[in-house]
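Read through the structure below, which is laid out as structure tokens, and then see the notes.
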Amino acid sequence: VQLQASGGGLVQAGGSLRLSCVASGTSSSLNVMGWFRQAPGKQREWVARITNGGLTNYKDSVKARFTISRDNVKNTVYLQMNSLKPEDTAVYYCSAGSTTFDYWGQGTLVTVSS
């Protein structure tokens, strides 16, 4: 399975970005898809996840600002990020797997300026 993330960029605080991640290969077994991020000098952290049935979970600090969704026909997971804050600046990685996060994309950089 290959994951290709896109949609990162530079945005001002309060702005929005939408990340996308397309899965290719044996993508039919990807029950769970999600997003992680790694800020400079920090460890990678989980941000959000979604099952193929649409069940979602979020890190507390992004709840009500970020929305994860997926299109099972297009094998794509999205992360709509609103009300962005400078502390959201990080490389965002998509990940997927059958029950755990087994596959990883290359990351897309999100920079939020104050």
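What percentage of the solvent-accessible surface of the stretch 1-111, computed with a 1.4 Å probe over protein heavy atoms, is contributed by carbon and sulfur atoms?
Numbers: 2730 of 5600 Å².
Result for the stretch 1-111: 49 percent of the exposed heavy-atom area is carbon or sulfur.
At a 1.4 Å probe radius, which order do Val22, Val47 fall into by accessible area, largest first? Can you show the working numbers first?
On the way: Val22 70, Val47 0 Å².
Putting Val22, Val47 in descending order of accessible area: Val22, Val47.
Could you calculate, for the stretch 27-74, the ratio of the Cα radius of gyration to the Kirkwood radius, expressed as Rg to Rh? Let's see the in-between values first.
Numbers: Rg = 12.1 Å, Rh = 11.8 Å.
Value, to two decimals: 1.02.
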Accessible solvent surface per residue of the chain, calculated while the other protein chains remain in place, 1.4 angstrom probe, Å²: 51
So what's the gap between the Cα centers of the stretch 11-40 and the stretch 45-80, to the nearest angstrom? 8
Which loop-located trypsin sites (Lys or Arg not before Pro) does the stretch 14-114 contain, where loop means any DSSP state but H, G, I, E or B and the Cβ has at most 14 other Cβ atoms within 10 Å? Lys42, Lys63, Lys74
Extension gain from Ser16 to Asp71, taking 0.36 nm per residue of separation minus the Cα-Cα distance: 17.8 nm
For the chain, which semi-axes, largest first and in whole Å, follow from the square roots of 5 times the eigenvalues of its Cα gyration tensor? 23, 14, 12
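The values are calculated or read from the model by the stated rules, or taken from the named source; none is laboratory data. Please read these numbers as outputs of a predicted model, since none were measured by experiment. Cβ sites come from the backbone with ideal geometry, for glycine too, and all protein chains shown count toward neighbours. Areas reflect the complete protein model, heavy atoms only, side chains present, ligands, DNA and RNA absent. Shrake-Rupley method; radii C 1.70, N 1.55, O 1.52, S 1.80 Å.
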